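**Student:** I have a structure here, written as C-alpha cells, and I will follow up with some questions on it.
The values are calculated or read from the model by the stated rules, or taken from the named source; none is laboratory data. Small disclaimer: the values here were computed from a predicted structure and weren't measured. Positions of Cβ are backbone-derived with ideal geometry, glycine not excepted, and every protein chain shown enters the neighbour counts. Only protein heavy atoms, including side chains, enter the accessible area calculation; ligands, DNA and RNA are left aside. Shrake-Rupley method; radii C 1.70, N 1.55, O 1.52, S 1.80 Å.
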Amino acid sequence: MRIALVFPELLGTYGDGGNAVVLARRLERRGLPAEVLEVRPGDAFPAADLYLLGGGEDGPQRLAADLLIASTLAARVADGAGVFAVCAGLQLLGTSFAVEGDSTYAGLALVPATTVRGMARSVGDAVVRVDGRLVVGFENHGGVTHLAPGLDAFGEVVVGHGNDARSDGFRAERIWATYLHGPVLAQNPWLADALLASVLGHELEPLASVADDLYAARCAQLMGTGA
Amino acid sequence: MNRSGWRVALATTAVRGVNWVSRRSGRGAGTVAGGNAGLGIDSHLLAHLARGRTVALVTGTNGKTTTTAMMVRGWGREVATNTTGANMPAGHVAALAASRSPVAALECDERWLPDVIAETVPAVVVVLNLSRDQLDRAAEVRQLAQRWRDALKGGDFVVVANARDPLVVYAASASPRVHWCAAPTSWTLDARSCPVCTRTLDLGADAWSCTCGFAEPPSRSILVEGRARVAGQLVSLDLAIPGPVNRGNALLALAALHELGVDPALAARRLATLREVEGRYASAVVAGQAVRLLLAKNPAGFAAQLADQAERGGPLWIAINDGLADGRDPSWLYDVDFEQLRGRPVWCWGTRRLDLAARLWYAGIEATVVEDVAPHHDGTVDLIANYTAFQELRREAGSR
Ligand SMILES: [Zn+2]
C-alpha cells in the first residue's frame, strides 16, 4: 500500500505524521508491504492508495488548500484513492472554511461541508462513537463544521466538541475526516485497522500490542469506567 | 517617601515576607506566592523593582533556564535571577525583591515577553529559539513570533538572537540593534515554511533562505570547532554540561555578556564551571537506581537530548507526564524521532507511559512499561523526563 503524507510542513502541527507511521507499521508487522511518501509543496502529486491530511495553523492551512485545489488530489480520489483527514485537513476538504478574521476561503469541495469560526476554541480530550465503538483523542481547533443533508458524520460526539458538539467529522465514499488528533490512529488501533481493511478491500489478522493497552486505558479514563 | 514609594516598599516587604513563610513552612520555593502578594499590592511592582538596574531577559522555547544560569555564572558577580523556573512576572518580582544587585538576568516565559519588556526596560533581550510546545495551552508558534516582533522592534535594547532559527529571525529582524549568533538547531519542523510568505524555506547547509528574499542574516558570533568567536574574539569553550545545543546556548550567553561589557574570554572560563542547572544533568538515585537526570519538554528538547544519546548505549529511562505544565496532549511524541534509539531497551515511566510505550512500539523499540516494580541496572542510567515528571523525580531523589 502506498500511503502519501500530504504537506507535512504545512499540515503536521499535532504529531499528525504519526498516523502514517502507524498505518505503515501495522501493515509491515503483518508482512504486508507499505510505503510512505512525503508530499512537499512543489512536488508532482504522487499516485497513492491513501492520502493523509493533518492539522495546521491558519496561514499554512490556506496555502495547503490553494496547493491542493491546484493538485490532482480530487482526480486521484475519483480514481479510487482514499483520504484520511484530521482537523485543518478536514476543513479544507469541504467547500469553504474560515480562519483568522472573518475571511472565508475555498476548500477542495470533495464533500458538501462548510466550516465557520466558532465562538471559542475547542481544546481538550475528545471521544466519538463510530459504528458503536469509541474513538479517543484530543481536539484543538476553532471551527464549527456544518454538514449538508445527506453527508454522514464520522461519528457522534460523546466527549468534546467535534463539528458542533453533536457530530464529529464526516464520512463519504473513500473519505474519512475527524477533528481528533492524538495522533488518532495511534490511540485507536481498531480504527487504523478498519481504515486499512477498507483501502485493501479485505479484513486483516489481529495484531496485539501495547497500543491496545493504551486504547483500553484511554477509554476507561475518558468514560470514567472500565469500558 | 511619597505615596507610591510607600506602596513599593510595602509590596516588596510582602514579597519577602510571604516567601520567607512559604520556605519555612516547607510548602514550596515560595517565589510565586510572594511575587503574587506583591503584585496584588502594586501592579507595577516589577517596573519599580527593575528601575535603575541593568536587566537581561532570556526567552525561547528551550534552553531558557540553562542560558540564564550560564549568564549568571559568566557575569562573575552577584546577579538577581529567577533560579527556580518561575519565569512569569511573579517570579521576576520575587527574584528582584530577594537581591539588591544592580544587575539582573531573568528567564522569561515566551508568552509574557512583551509585558516583561515593557515593565523591566531591559538592556539586552536574548532570543534562543521558537518551536511547538504545549500547543493545547500556548499560542501557536507563528502568532507568538508576530507578538515577539511587535515587542522587539521599538525598544532601546540589544537583541541577542539565534540567526539559525527562521522564526527567531522573523521576530528579531525588525529591531534596530541585533547581535546575531549562529547556534546549531536539531529541530526544523516548525521552520520549514517561510514566516513571511509561507513558501517552503531552502534550508541550505550554510544558511537558509526563501525566494521572497527573507534569509538568514550573517552572524557576528559563531561556534568554531571547540571554540566560540564572540564579536571577533576567539575564546575556548570547555563546557561541563553536555550536548551541541548547550554549546549554542553558551554562545548566546557570551554574546549577551559581551553586550553588557563582560569580557568573553573571562566569561567563558567562568561558565565552564557550570555542572548542573536546577537539577538538569545532576546525578541522583531514583527508585534505588543511580540515574543522570535530563529534561526534555517538547520535540525540540527531545531532538537535542537524543542527539546527545547517539554516543551512548545500554538501557534508557524516559518519563512522560501530562500535567498542566506539560500540556495535556502528548501527541507531540510522534514528532520525536525515537527511531534513532533502535537497539536500546527503554523503560517507560510517567502518567502517559502507555502513550510513550505505544509510540516506541511503532518505532520498533523494545519498550517496557514500569508499573509496580522498578528495574535495576548496573551503573548509571540516563533518565529523560518532561517537566512535571522531572520535578517529581528530582523531589524523590532529593528526599532520600
Ligand atoms: Zn518567504
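**Student:** Need pairs with beta-carbon distance below 7 Å; first residue at pLDDT 90 or above and within region B:378-399, second among the basic types (Lys, Arg) and buried (at least 19 other Cβ atoms within 10 Å of the Cβ); sequence gap 6+ or separate chains.
**Tutor:** B:Asn386/B:Lys297; B:Tyr387/B:Lys297
One line per residue, one yes/no per condition, for (1) under 30 Å from B:Tyr334 (Cβ atoms); (2) surrounded by fewer than 24 Cβ atoms within 10 Å (Cβ to Cβ):
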| residue | (1), (2) |
| --- | --- |
| B:Gly63 | yes, no |
| B:Gly74 | no, no |
| B:His92 | no, no |
| B:Ala98 | no, yes |
| B:Glu110 | yes, yes |
| B:Val124 | no, yes |
| B:Arg142 | yes, yes |
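**Student:** Also: Enumerate the pairs (first residue in region A:35-61 and free of Cβ contacts under 8 Å to residues at least 40 places away in the same chain and more than 14 Å from chain B (Cβ to nearest Cβ); second residue anywhere and acidic (Asp, Glu) and open to solvent by 30 Å² or more (accessible area, probe 1.4 Å)) with beta-carbon separation below 8 Å, excluding pairs fewer than 6 apart on the same chain, so at least 6 apart or on different chains.
**Tutor:** The qualifying pairs do not exist here.
**Student:** Counting only residues that are touching a residue at least 24 places away in the same chain (Cβ under 8 Å) and under 17 Å from A:Arg174 (Cα atoms), give me the strands (runs of 3 or more DSSP E) lying completely in region A:87-132 with at least 1 of them.
**Tutor:** Numbers: elements: A:96-98, A:104-106, A:113-130.
By residue number, A:113-130.
**Student:** Take A:Ala113 and decide whether it is modelled with pLDDT of 95 or more, more than 30 Å from A:Glu205 (Cβ to Cβ), open to solvent by less than 10 Å² (accessible area, probe 1.4 Å) and away from chain B (no Cβ under 14 Å). Lay out the reasoning, then the answer.
**Tutor:** Numbers: modelled with pLDDT of 95 or more: yes; more than 30 Å from A:Glu205 (Cβ to Cβ): yes; open to solvent by less than 10 Å² (accessible area, probe 1.4 Å): yes; away from chain B (no Cβ under 14 Å): yes.
Spelling it out, A:Ala113 is indeed modelled with pLDDT of 95 or more, more than 30 Å from A:Glu205 (Cβ to Cβ), open to solvent by less than 10 Å² (accessible area, probe 1.4 Å) and away from chain B (no Cβ under 14 Å).
**Student:** Can you name the residue in region A:159-188 that is under 18 Å from B:Arg328 (Cβ atoms) and not in a loop (DSSP other than H, G, I, E, B) and, of all such residues, is farthest from the other protein chains (Cβ to nearest Cβ)?
**Tutor:** Here the answer is A:Val159.
**Student:** When you look at B:Ala174, is it away from the ligand (no atom under 15 Å from the Cβ) and open to solvent by 20 Å² or more (accessible area, probe 1.4 Å), yes or no? Before you say what the answer is, go through the steps one by one.
**Tutor:** Values: away from the ligand (no atom under 15 Å from the Cβ): yes; open to solvent by 20 Å² or more (accessible area, probe 1.4 Å): yes.
So B:Ala174 passes the test.
**Student:** With respect to B:Arg359, is the statement that it is within 14 Å of chain A (Cβ to nearest Cβ), touching a Pro at 6+ places or on another chain (Cβ under 6 Å) and at pLDDT 95 or above true? Walk me through how you get there before you give the answer.
**Tutor:** Details: within 14 Å of chain A (Cβ to nearest Cβ): yes; touching a Pro at 6+ places or on another chain (Cβ under 6 Å): no; at pLDDT 95 or above: yes.
For B:Arg359, the condition - within 14 Å of chain A (Cβ to nearest Cβ), touching a Pro at 6+ places or on another chain (Cβ under 6 Å) and at pLDDT 95 or above - is not met.
**Student:** All but one of (1) modelled with pLDDT under 95; (2) in a strand (DSSP E or B) hold for B:Ala105, so report the exception by its number.
**Tutor:** Just one mismatch for B:Ala105, condition (1).
**Student:** So, in region A:198-221, how many residues would count as being touching a Leu at 6+ places or on another chain (Cβ under 7 Å) and open to solvent by less than 50 Å² (accessible area, probe 1.4 Å)? Before you say what the answer is, go through the steps one by one.
**Tutor:** Narrowing region A:198-221 to residues touching a Leu at 6+ places or on another chain (Cβ under 7 Å): A:199, A:204, A:210, A:213-214, A:217, A:219.
This time we only want the ones that are open to solvent by less than 50 Å² (accessible area, probe 1.4 Å), so: A:199, A:204, A:210, A:214, A:217, A:219.
Looking only at that region, the number is 6.
**Student:** For B:Ala228, which of the numbered conditions (1) more than 14 Å from chain A (Cβ to nearest Cβ); (2) assigned to a helix (DSSP H, G or I) fails to hold?
**Tutor:** Every listed condition holds for B:Ala228 apart from (2).
**Student:** I want to confirm something. Restricting to region B:202-223 and keeping residues that are open to solvent by less than 50 Å² (accessible area, probe 1.4 Å) and more than 16 Å from the ligand (Cβ to nearest atom), which single residue is farthest from the other protein chains (Cβ to nearest Cβ)?
**Tutor:** B:Ser221
**Student:** Picking from B:Arg147, B:Arg192, B:Arg132, B:Arg199, which residue would you name as being away from the ligand (no atom under 16 Å from the Cβ) and open to solvent by 50 Å² or more (accessible area, probe 1.4 Å)? Even if it seems obvious, please write down each step before you answer.
**Tutor:** Details: B:Arg192 fails: away from the ligand (no atom under 16 Å from the Cβ); B:Arg132 fails: open to solvent by 50 Å² or more (accessible area, probe 1.4 Å); B:Arg199 fails: away from the ligand (no atom under 16 Å from the Cβ).
When all the criteria are applied, what remains is B:Arg147.
**Student:** Do you know which of the residues in region B:362-400 that are open to solvent by 10 Å² or more (accessible area, probe 1.4 Å), away from chain A (no Cβ under 14 Å) and of a type in the set (Val, Ile, Thr) is nearest to B:Gly301 (Cα to Cα)?
**Tutor:** Selected residue: B:Thr388.
**Student:** Conditions: (1) of a type outside the set (Lys, Arg); (2) surrounded by fewer than 15 Cβ atoms within 10 Å (Cβ to Cβ); (3) not in a strand (DSSP E or B). A:Leu195 meets all but one. Number of the miss?
**Tutor:** Single failed check for A:Leu195: (2).
**Student:** Conditions first: (1) in contact (Cβ under 8 Å) with a residue 60 or more places away in the chain; (2) out of contact with any Pro (no Cβ under 7 Å at 6 or more places or on another chain); (3) within 14 Å of chain A (Cβ to nearest Cβ). B:Asn249 passes all but one, so which condition is the exception?
**Tutor:** (3)
**Student:** Six or more apart or on different chains, Cβ atoms under 9 Å: show the pairs whose first residue is in region B:194-206 and more than 13 Å from B:Arg142 (Cβ to Cβ) and β-branched (Val, Ile, Thr) and whose second is assigned to a loop (DSSP other than H, G, I, E, B) and near the ligand (Cβ under 7 Å from one of its atoms).
**Tutor:** Taking only residues 6 or more apart or on different chains, the pairs are B:Thr200/B:Cys194; B:Thr200/B:Cys210.
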